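Q: Submitted below is the structure of interest, expressed as structure tokens.
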Amino acid sequence: MNKLTYLFTFFTLYISSQAFGQYTVDDSLMGSLTPERVWWDLKYYELDVEVDIENKFFKGTNVVLFKALESGNTMQIDLQPPMKITSIARGDVALQWKKVGKNAYHVLFNSEIQKDQLSAIKIGFEGHPHEAMNAPWDGGVVFTKDDEGRPFVATANQGIGASIWWPCKDHPSDEVDSLRISVTAPDGLWNVSNGRLESMELDENNKRTTTWFVNNPINNYGVNINIANYVSWSDVYQGEKGPLDLSFYVLPENLRKAKVHFNDAYRTLEALEHWFGPYPFYEDGYKLVQVPYLGMEHQSSVTYGNGFVNGYKGRDLSATGWGLKWDFIIEHESGHEWFANNITNKDKADMWIHEGFTNYSENLFTEYFYGKQAGADYVIGTRRLIQNDTPIIGDYDVSKSGSSDMYYKGGNLLHTIRQIINDDDKWRSILRGLNRDFYHQTVTSAQVEKYISEKSGIDFSRYFDQYLRTTQIPKLVVIPKGRKLWYHWEDAIEGLYLPVDVLVDGKPKRICPSAKPQKIKASALEVDEDFYINFEMRSES
């Protein structure tokens, strides 16, 4: 990259960041598809890390195999301080690099990489990674001890980014096709990561290296390290695609209760294969791994820290009682294997694809085992947690997700779509179709929205605009006038199509309100609470 091109790129990022006001150049470097990212496609990572637990220090290398989609000579690699890059080489040739902003590096090739060319670089790195104080929310590496005083270390970096501890192309749009990760820790401990265990070796210095291989595309934040004095057991689940290898890793003192409590993993796989289709990573198996924080959806290495109790840390988020029938973390984080790991957002602004659908999976799990009304009660019960503070869709190109309403509002907007479609078999086929037709892909919200509209035969475009891009919930206003009821929408965007099931004088009827008042001959009207709307019976003024 010549100096003029470099200045143009930096100026473009600056202008982009200023357009959103509160964002910085670093936000744009992290969140946008910069010219130094778009010309190459990730193929393979070979990540090798030694963890010095006593000093909270990581040191390692990462081999990045890539294919040039277009010719290029400058590559963006991300690594957040205090971690730092110590070397970059292509074969035997050392490469220069330039720090750009706080978290990005530009790798400078000695010659142009030609279109369709496969090439690889090896990056050396080291440092004291950011320590998470309140994982998984603040993100980073957790360094703590178990109840017996033994080291207990784990990574959790969904929000802050994988580059908090290893150098990578830290943008969700490009998932690496496969990954090998080797982690070295002191003997007496061992690391559990994603995929299948390839080898475990003890060297002359009493350091143990475990190597794991991931055979499927994986998002960066899904790559994890979990180091402890683990004990484990294995099983085989007979799933939709055949035998699925299951592995469970817990601290020794929790083995007995975990073998009972982790039955919810089997139940989750059964329910969600029914609703969403086959578990997406049969080749890599399914693992449930105890960690020193609440839990996270690391691909094929789901992490768990819910204390071996049902609910969310013993609480029912729906306040209906149904949420205490199962372990929230096992179900929710495993549900992300379909929505987050199989189907991944291309931009963090569309993270509702991960969290909305997975929140909705809690409803579907409850329905599968306890009945349709139980599932409906559960999702309706979570409405009390919706804030409607900011839109669910975040700002694009700056690594910014939307409101935390993406969870409960996301689940409820999907539950309402199911009512509008009014065909459970079709709805299930849409959910399974999403996981089939977007299998192992990164997608936009627009793609998901269009898919649901096309497969249902109903144009939901304005509905999605209402619930994803505004904070207003449509209000059905009913005004009695004589022997008639007049009804209309308020707080609804123009052109909203949202039919609603109601009881009119005790008889079921579907109405299709609009901003223009409509009338019906009746004295009483009740709204089906399966529809996430507001309702007001207003006196005639």
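Q: Taking the condition of a type outside the set (S, T, N, Q), in contact (Cβ under 8 Å) with a residue 24 or more places away in the chain and farther than 30 Å from Asn215 by Cα, does Asp423 pass? If you could, list the steps in order and put the result at the bottom.
A: On the way: of a type outside the set (S, T, N, Q): yes; in contact (Cβ under 8 Å) with a residue 24 or more places away in the chain: no; farther than 30 Å from Asn215 by Cα: yes.
No: the conditions fail for Asp423.
Q: Give the residue that is farthest from Lys145 (Cα to Cα), with candidates limited to residues of region 282-298 that are out of contact with any Asp or Glu (no Cβ under 7 Å at 6 or more places or on another chain) and in a loop (DSSP other than H, G, I, E, B).
A: Only one residue tops the list, namely His298.
Q: Considering only residues that are of a type in the set (Gly, Ala, Ser) and not in a strand (DSSP E or B), look in region 160-218 and name the one that is farthest from Asp48 (Cα to Cα).
A: We begin by selecting, within region 160-218, every residue of a type in the set (Gly, Ala, Ser); these are 161-163, 173, 178, 182, 185, 188, 193, 195, 199.
Narrowing the set further to residues that are not in a strand (DSSP E or B) leaves 161-163, 173, 188, 193, 195.
Working: Gly161: 18, Ala162: 15, Ser163: 14, Ser173: 24, Gly188: 20, Ser193: 12, Gly195: 15 Å.
By that ranking, first place goes to Ser173.
Q: Could you please find all residues in region 40-87 being β-branched (Val, Ile, Thr) and either closer than 24 Å to Val214 by Cα or modelled with pLDDT under 95 (or both)? Walk me through it before giving the result.
A: We begin by selecting, within region 40-87, every residue β-branched (Val, Ile, Thr); these are 49, 51, 53, 61, 63-64, 74, 77, 85-86.
Residues satisfying the conditions are Val49, Val51, Thr61, Val63, Val64, Ile77.
Q: For Gly314, which of the numbered conditions (1) at positive phi; (2) open to solvent by less than 10 Å² (accessible area, probe 1.4 Å) fails to hold?
A: For Gly314, the exception is condition (2).
Q: Looking at region 82-114, which of its residues are open to solvent by 70 Å² or more (accessible area, probe 1.4 Å) and under 32 Å from the mean Cα position of the chain (by Cα)?
A: Within region 82-114, Pro82, Lys84, Trp97, Lys98, Lys99, Lys102 meet the criteria.
Q: May I ask you to verify whether Thr344 is open to solvent by less than 10 Å² (accessible area, probe 1.4 Å), over 30 Å from Ser193 (Cβ atoms) and either touching a residue at least 24 places away in the same chain (Cβ under 8 Å) or in a helix (DSSP H, G or I) (or both)? Steps first, answer last, please.
A: Values: open to solvent by less than 10 Å² (accessible area, probe 1.4 Å): yes; over 30 Å from Ser193 (Cβ atoms): no; either touching a residue at least 24 places away in the same chain (Cβ under 8 Å) or in a helix (DSSP H, G or I) (or both): yes.
Spelling it out, it is not the case that Thr344 is open to solvent by less than 10 Å² (accessible area, probe 1.4 Å), over 30 Å from Ser193 (Cβ atoms) and either touching a residue at least 24 places away in the same chain (Cβ under 8 Å) or in a helix (DSSP H, G or I) (or both).
Q: Just need a number here: residues in region 229-244 that are open to solvent by less than 60 Å² (accessible area, probe 1.4 Å), more than 20 Å from Pro186 (Cα to Cα) and in contact (Cβ under 8 Å) with a residue 40 or more places away in the chain.
A: Looking only at that region, the number is 4.
Q: State which residue is nearest to Leu414 (Cα to Cα) when the search covers only region 507-541 and only residues that are open to solvent by 50 Å² or more (accessible area, probe 1.4 Å) and touching a Phe, Trp or Tyr at 6+ places or on another chain (Cβ under 7 Å).
A: Per the stated criteria, the residue is Ala515.
Q: Assigned to a loop (DSSP other than H, G, I, E, B) and either without any contact (Cβ under 8 Å) to a residue 24 or more places away in the chain or within 24 Å of Gly159 (Cβ to Cβ) (or both): is that true of Ser318 in this structure? Reasoning before the result, please.
A: Numbers: assigned to a loop (DSSP other than H, G, I, E, B): yes; either without any contact (Cβ under 8 Å) to a residue 24 or more places away in the chain or within 24 Å of Gly159 (Cβ to Cβ) (or both): no.
For Ser318, the condition - assigned to a loop (DSSP other than H, G, I, E, B) and either without any contact (Cβ under 8 Å) to a residue 24 or more places away in the chain or within 24 Å of Gly159 (Cβ to Cβ) (or both) - is not met.
Q: Just for region 433-472: of the residues that are aliphatic (A, V, I, L, M) and touching a residue at least 24 places away in the same chain (Cβ under 8 Å), which one is nearest to Asp174 (Cα to Cα)? Walk me through it before giving the result.
A: Within region 433-472, the subset aliphatic (A, V, I, L, M) is 434, 443, 446, 448, 452, 458, 468.
With the extra rule that they be touching a residue at least 24 places away in the same chain (Cβ under 8 Å), the set shrinks to 434, 443, 448, 452, 458, 468.
Details: Leu434: 19, Val443: 11, Val448: 18, Ile452: 24, Ile458: 31, Leu468: 24 Å.
Top of the filtered list is Val443.
Q: Also, I was wondering about something else. Do you know which of the residues in region 120-142 that are open to solvent by 30 Å² or more (accessible area, probe 1.4 Å) and touching a residue at least 12 places away in the same chain (Cβ under 8 Å) is farthest from Leu95 (Cα to Cα)? Walk me through how you get there before you give the answer.
A: Step one: of region 120-142, the residues open to solvent by 30 Å² or more (accessible area, probe 1.4 Å) are 120, 122, 126, 128, 130-131, 133-134, 137-138.
Add one more test, that the residue is touching a residue at least 12 places away in the same chain (Cβ under 8 Å), and what stays is 120, 122, 126, 128, 130-131, 137-138.
Values: Ala120: 12, Lys122: 10, Glu126: 18, His128: 24, His130: 27, Glu131: 30, Trp137: 36, Asp138: 34 Å.
Once the filter is applied, the top-ranked residue is Trp137.
Q: Among the residues of region 219-273, what is the count of those that are among the hydroxyl-bearing types (Ser, Thr, Tyr) and either touching a His at 6+ places or on another chain (Cβ under 6 Å) or assigned to a helix (DSSP H, G or I) (or both)? Before you say what the answer is, go through the steps one by one.
A: Within region 219-273, the first condition is being among the hydroxyl-bearing types (Ser, Thr, Tyr), and the residues that meet it are 221, 230, 232, 234, 237, 247, 249, 266, 268.
Next, only the ones that are either touching a His at 6+ places or on another chain (Cβ under 6 Å) or assigned to a helix (DSSP H, G or I) (or both) stay: 221, 266, 268.
The number of residues fulfilling the criteria is 3.
Q: Checking the structure you have, find out if any residue of region 420-433 is open to solvent by 40 Å² or more (accessible area, probe 1.4 Å), touching a Ser or Thr at 6+ places or on another chain (Cβ under 8 Å), farther than 26 Å from Arg538 by Cβ and not aromatic (Phe, Trp, Tyr). Before the answer, list the steps.
A: Step one: filter region 420-433 for residues open to solvent by 40 Å² or more (accessible area, probe 1.4 Å), giving 422-426, 428-429, 432.
Keeping just the survivors that are touching a Ser or Thr at 6+ places or on another chain (Cβ under 8 Å) gives 426.
Then drop every residue that is not farther than 26 Å from Arg538 by Cβ, which leaves 426.
Then drop every residue that is not not aromatic (Phe, Trp, Tyr), which leaves 426.
Checked region 420-433: at least one residue is open to solvent by 40 Å² or more (accessible area, probe 1.4 Å), touching a Ser or Thr at 6+ places or on another chain (Cβ under 8 Å), farther than 26 Å from Arg538 by Cβ and not aromatic (Phe, Trp, Tyr).
The values are calculated or read from the model by the stated rules, or taken from the named source; none is laboratory data. None of the values given here were measured: they were computed from a predicted structure. Every residue, glycine as well, gets a Cβ built from its backbone with ideal geometry; the counts of neighbours run over all protein chains shown. Note: accessible area is taken over every heavy atom of the protein model, side chains too, but ligands, DNA and RNA are not part of it. Shrake-Rupley method; radii C 1.70, N 1.55, O 1.52, S 1.80 Å.
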